[in-house]
Amino acid sequence: MRQSLVVMKFGGTSVEDATAMMRTAKIVGGRREKGLEAVVVVSAMAKVTDQLLAAAAAAGRGDKAGALAIAARLRTRHVETAAALVNDDRFAQLQVAIHHELDALDDLLRGISAVGELTPRTNDLVVSFGERLSSRMVAEAFDQLGLNGAHVDARSCIITDSNYGKAVPQEDAIEAKLREIVLPMIEAGKTPVMGGFIGSNAEGITTTLGRGGSDYTAALVGGGLHAGAIEIWTDVNGIMTTDPRICPDALRVKTISFEEAAELAYFGAKVLHPATILPAVQKSIPVWVLNSRNAENEGTQITAMAVKCKSPFKSIAAKKKLTIIDVVASRMLMSHGYLKAVFDVFDKYKCVIDMVSTSEVSISLSVDSNQQLPEICADLSKIADVKLEGNKALVCLVGEDIRGHNGIAGRVFSAISHVNVRMISQGASEINMSFMIDEEDVEEAVRSLHKAFFTNPDEAVFDVTDRVQVGSGA
Ligand code: ADP
Ligand code: ASP
Ligand code: MG
């Protein structure tokens, strides 16, 4: 364990403009003044990933002008930010690097438009420009401010498989690369700065870890370098009792267990990427979620063990854009191997199932709506009758202390008695209770539950004095 090393990840809003980038420099400087070493992982500037995806999609439709127009706006934004960020000499050099990257992006978009086809592989390459640019700029600013900033192309270290769009990191290869490339920089007193979210496969082809993946990069870097801590700097004071955009009176959770945080992330709390927790847990590295706009706040600490809490739940998450698939078999078909046949179909399409409930003849499953639903249904129709219901959402209440409280389900469902509940599950892990409702009822249901469970929370675990700072996200 390199106790003095902290991996600091700054999300899109924390690097959204020159002012925000300077704020991150101040935060990193503060850690160095305390004698700590820092490796910094940054997201693309806020909204850039969405814009790159839009440019790639436009090019894929053959809309060259549309794609290049988006790229031109990105060029202006990055160049203007760089001009405001560093002195004239540095800007002269940085500008060359930015134009170089964006010329390559233009060429790529022209190529995609000419072919009129966007493959997952090319999509990853387009979207990688966001983190490539932001990390270069932040590294330059850090260097100017005396933090010895040194840019690292994340693709040289974050080795993944070739599952474009959601590539799986190869942890041993990553650890070896980090030791070879990043560790010597740390030992030389530098502050390595790398983009999150992006990687490359064994052939050196660019990949990405999936939306929100910069958190994952931070955890991989922390794990690979055996860091003493991982800090996820974002635009709210920490993990809150629910999304503050839904409930402005959400409270900061002071400490939460890895298991609870993973459950929340998986069930839709955008504040952490679901895969982030694992590399940190495996090496017992504490993770903090902190606010780059309010660096004094203590944030949320994610720990191995849950602290005792008088409230049953720590937080409420919600995940939208789900579809329920009802698979109804005739009794004759309900034979040995039937369930396996159903699940094999989902397996074939690598489709993750969020929730399952079964009755004598039917199985209801919920999945993300953007899966290959027509293909899945066609395959399922060969063994049963299939019915789809879209526009569903999953609401999930998470807390280790559900176990110690009786009558919780009654309290949950009386708080939302006015909402039509479609499927219910008390997680096998016993730390979540979740149910499916119509998408349009989510905000109302979350607010009612928040009122029911967090009006008088345990002050040892929740910061009741907290005031939420709502930002705009990446
Ligand atoms: P970043 O760009 O820093 O990665 P994200 O937008 O991905 O930031 O995540 C932070 C956002 O997550 C917050 O602004 C908040 O709206 C949302 N969020 C959802 N659920 C929660 C929660 N339980 N606690 C805190 N934030 C949450
Ligand atoms: N920029 C990427 C995204 O917006 C990754 C991240 O910010 O974590 O999804
Ligand atoms: Mg994020």
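The values are calculated or read from the model by the stated rules, or taken from the named source; none is laboratory data. Keep in mind it's a predicted model, so treat the numbers as computed, not measured. Cβ: placed from backbone, ideal geometry, glycine included. Neighbour counts: every protein chain shown. Ligands, DNA and RNA are stripped out before the accessible areas are found, and what is left, the full protein with its side chains, is counted by its heavy atoms. Shrake-Rupley method; radii C 1.70, N 1.55, O 1.52, S 1.80 Å.
Of the residues VAL15, VAL28, which single one is β-branched (Val, Ile, Thr), within 10 Å of ligand 2 (Cβ to nearest atom) and crowded, with 17+ Cβ neighbours inside 10 Å?
VAL15
Let me confirm something: among LEU388, LEU449, which residue is hydrophobic (A, V, I, L, M, F, W, C) and surrounded by 19 or more Cβ atoms within 10 Å (Cβ to Cβ)?
Exactly one residue qualifies, and that residue is LEU449.
Mind counting the residues in the range 176-216 that are in contact with a His (Cβ under 9 Å, 6 or more places away or on another chain) and either of a type in the set (Ser, Thr, Tyr) or surrounded by fewer than 22 Cβ atoms within 10 Å (Cβ to Cβ) (or both)?
Summing the residues that are in contact with a His (Cβ under 9 Å, 6 or more places away or on another chain) and either of a type in the set (Ser, Thr, Tyr) or surrounded by fewer than 22 Cβ atoms within 10 Å (Cβ to Cβ) (or both) in the range 176-216 gives 4.
Given the criteria in a helix (DSSP H, G or I), under 28 Å from GLN93 (Cα atoms) and open to solvent by 40 Å² or more (accessible area, probe 1.4 Å), does ARG136 qualify?
yes
I'm checking my understanding of the structure. Among residues of the range 297-312 that are modelled with pLDDT of 95 or more and of a type outside the set (Val, Ile, Thr), which one is most open to solvent (accessible area, probe 1.4 Å)?
GLU298
Given the structure, is LEU68 under 16 Å from ARG110 (Cβ atoms), part of a helix (DSSP H, G or I) and within 16 Å of ligand 1 (Cβ to nearest atom)?
The answer is no for LEU68.
Pick from the range 230-272 the residues that are within 14 Å of ligand 3 (Cβ to nearest atom) and among the charged types (D, E, K, R): which of them is surrounded by the most Cβ atoms within 10 Å (Cβ to Cβ)?
It comes out as GLU231.
Can you report the number of residues in the range 177-216 which are more than 17 Å from ALA261 (Cα to Cα), within 16 Å of ligand 3 (Cβ to nearest atom) and assigned to a loop (DSSP other than H, G, I, E, B)?
Residues in the range 177-216 being more than 17 Å from ALA261 (Cα to Cα), within 16 Å of ligand 3 (Cβ to nearest atom) and assigned to a loop (DSSP other than H, G, I, E, B): 5 in total.
Output the qualifying pairs, or none if there are none: Cβ atoms under 6 angstrom, residues six or more apart or on different chains, first residue in the range 214-226 and within 19 Å of ALA265 (Cα to Cα), second residue part of a loop (DSSP other than H, G, I, E, B) and within 9 Å of ligand 2 (Cβ to nearest atom).
Correct list of pairs: SER214/SER43; SER214/GLY196; SER214/PHE197; ASP215/HIS273; TYR216/LEU209; TYR216/HIS273; THR217/GLY196.
Counting only residues that are among the aliphatic types (A, V, I, L, M) and not in a helix (DSSP H, G or I), which one in the range 217-229 is surrounded by the most Cβ atoms within 10 Å (Cβ to Cβ)?
Ranking the candidates gives ALA227 first.
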